[in-house]
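Working notes for the structure below.
The values are calculated or read from the model by the stated rules, or taken from the named source; none is laboratory data. As the structure is a computational prediction, the values presented were derived from the model and not from experiment. Here Cβ is always computed from backbone atoms with ideal geometry, including for glycine, and neighbour counts include all displayed protein chains.
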């Protein structure tokens, strides 16, 4: 028999390992603002001005500043005046004025940085304060009053002092139109110079939004002047003050100020209360038994004969 050839059985050799390719470029998510998926023709640009302008409408001032510090592109977008104008009007809840003398970013900072008039002058007299809000003045006339009742007719006396003494309110002209910010201030007695004096004075303090940015205010050349002062020498239930845009005195929203039951609190509630509408602001603090009040009206003008840029109505117990 022919010899059978031996079958040679060889062990299978392990497949040769492929060389691992070295990555030549690291992945960086910030290398491009453009993301493209596998779909043909689809692309999204992260840096779309219209998109981020719309997003910015939902951010407060602090968030806007934080976004602006992320990169140069966002800084250029967020510093755009239209964004700060929108944020300012949105947060103050007032309509846009016809004209402003400063950029809207500075106006926003001035309105929301926590500053008030007693931070710049008479710091030693200041005790506490409360931001009430903002209102709009469209006309050049304002009604100032210490009585929270709708006047049946406007005063006809020839001087503000006589108006106040006769009916407890007066008409102020040459008021600067635009956005006004109102605060309620509590300060020490201004009659004496003793810091230990326990006497206090309540002040409705309203100012035009541009006041703190104006050179005349910053250098101290604009000062407050008293336009009227008188004493109420009998018991008074509450210390009140109000400012109305005369043009809108009879508007429906303004009537809420005269609905005292809705906001002044119960007679034994001694906490200060305030109300603000689109064209008016008012404050009231219920008082315990007293012998009367001294009421003082002050204004600040933008220079001699200039427009009224700040108004104060103050009450102090006799």
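The table below gives the values:
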read-out	value
Only listed residue being in contact with a strand residue (DSSP E or B) (Cβ under 9 Å, 6 or more places away or on another chain), part of a helix (DSSP H, G or I) and not assigned by TED's automatic domain parsing to the domain that holds residue 232, chosen from 77, 98, 89, 64	89
Residue check, residue 149 touching a strand residue (DSSP E or B) at 6+ places or on another chain (Cβ under 8 Å) and under 20 Å from residue 243 (Cα atoms)	no
Filtered residue count, the stretch 69-90, keeping only those that are under 30 Å from residue 253 (Cα atoms) and in contact with a helix residue (DSSP H, G or I) (Cβ under 7 Å, 6 or more places away or on another chain)	5
Residue within the stretch 217-224 that is surrounded by fewer than 17 Cβ atoms within 10 Å (Cβ to Cβ), modelled with pLDDT of 90 or more and in a strand (DSSP E or B) present	yes
Residue identified as modelled with pLDDT of 95 or more, surrounded by 12 or more Cβ atoms within 10 Å (Cβ to Cβ) and closer than 22 Å to residue 281 by Cα among 241, 228	241
Any hit, the stretch 178-194, residues being in a loop (DSSP other than H, G, I, E, B), closer than 20 Å to residue 131 by Cβ and free of Cβ contacts under 8 Å to residues at least 60 places away in the same chain	no
Residue list for the stretch 120-154, restricted to those being at negative phi and within 16 Å of the chain's Cα centre (by Cα)	129, 130, 131, 132, 134, 135, 136, 137
Qualifying residue in the stretch 123-137 (condition: surrounded by fewer than 16 Cβ atoms within 10 Å (Cβ to Cβ), in a loop (DSSP other than H, G, I, E, B) and modelled with pLDDT of 80 or more)	no
